[in-house]
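See structure below.
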Amino acid sequence: MTEVKDNRFERRKQRTRQALQQAAIELILEKGYDAVQIQDITDRADLGRGTFYVHYDSKEDILWQTLQEEYDALHREILERYAEEQSPRLEHLIWIRMFEKAAEQRPLYRVMIGSRGSALLTERIQTYLVGLAEAGIRDGQFLPGNTLDPRFVAEYMIGALVRCSSWWLEDPGDRTPQQMADTFYRLFFHREPEGISGASRQDTPLK
């Protein structure tokens, strides 16, 4: 009986968190990050203000936790899916998956790093990703043979990736995740990507 009650509580807790997250994303896309207040979020979710603080500390906290959950899950997926891959194919595959994830969760990512989002949140996202990239470079998983400061390279790579993603999310045109990753690969490695089928094998320029 206790286990059943615990499961019900967890399901109810998850539904509440999802309702708050969805309300926050919708409102920020409508009004912009700075214009949205916690009361707006709870009103949209039809929940009490006290309920918000049971789950989150602030407006920034709800968005950051939402995206961190997404990134943590993506990181686990990448580690499992590409465990046998090596550089530079590894980086290419990761970039493809990151652009795919942004496309799948476009409303959320636009809130986080788009023009109507928060500069503070964008900074937190970049810091999180830079940490992962730097660790991979230091371990030789990414860019083996690199002789530059790993932190510098990670900052450069992630800064460009986040900025390009922000631009693409606002104006995707007919650019696919594969095309975005292919172009990023060409800029970073100064050669054509190999061994991955799809848009990369077509001579379709980005517009």
With an 8 Å cut-off on Cα pairs and a minimum separation of 6 or more residues, tell me the relative contact order of region 1-56 in percent. 31 percent
Region 76-88 - phi-based ³J(HN,Hα) in whole Hz, Karplus 6.51/-1.76/1.60, Gly and Pro as x: 5, 4, 5, 4, 6, 5, 10, 4, 9, 7, 10, 5, x
Please grab the % of Cα pairs in the chain that end up more than 26 Å from each other. 43 percent
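Under 12 Å from the Cβ of Tyr185, count the other residues' Cβ atoms, weight Lys and Arg +1, Asp and Glu -1, and hand me the total. Walk me through the intermediate numbers first.
Numbers: positive: Arg89, Arg186, Arg191; negative: Glu91, Asp182, Glu192, Glu194.
Net charge in that neighbourhood comes out at -1.
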How far, in nm, would the chain grow between Glu85 and Cys164 when pulled straight, counting 0.36 nm per residue and subtracting the alpha carbon separation? 26.0 nm
Given the C-alpha centroids of region 138-176 and region 17-87, what is the distance between them in whole angstrom? 23 Å
Rounded to the nearest 500, what is the 222 nm mean residue ellipticity of the chain from helices alone, with -39500 (n - 2.57) per DSSP H run of 4+ residues and division by all residues? -23500 deg cm²/dmol
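Mean separation of Cα pairs under 8 Å and 6+ residues apart, divided by the residue count of the chain: what relative contact order is that in percent?
On the way: 161 pairs, mean separation 41.4, N = 207.
Once divided by the residue count of the chain, the mean separation gives 20 percent.
Taking 0.36 nm per residue of sequence separation and subtracting the Cα-Cα distance, how much length would be gained by fully extending the chain between Thr122 and Asp149, in nm to one decimal?
Working: separation 27, 0.36 × 27 = 9.72 nm, distance 2.30 nm.
Answer, rounded to one decimal: 7.4 nm.
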Using a Förster distance of 22 Å, how high is the FRET efficiency between Tyr71 and His190, based on the Cβ-Cβ distance and rounded to 0.05? 0.20
Would you work out which of Ile62, Leu79, Pro193 lies farthest towards the positive end of the dipole of the chain? Charges go on Cβ: Lys and Arg +1, Asp and Glu -1. Ile62
Quick one: dipole size for region 73-148, taken about the Cα centre, charges +1 on Lys/Arg Cβ and -1 on Asp/Glu Cβ, in debye to the nearest 20. 360 debye
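Where a number appears in this text, it was derived from the coordinates with a stated rule and is not lab data. These numbers come from a predicted model, not from an experiment. Note that each Cβ is placed from the backbone with ideal geometry, even for glycine, and that neighbours are counted across all protein chains shown.
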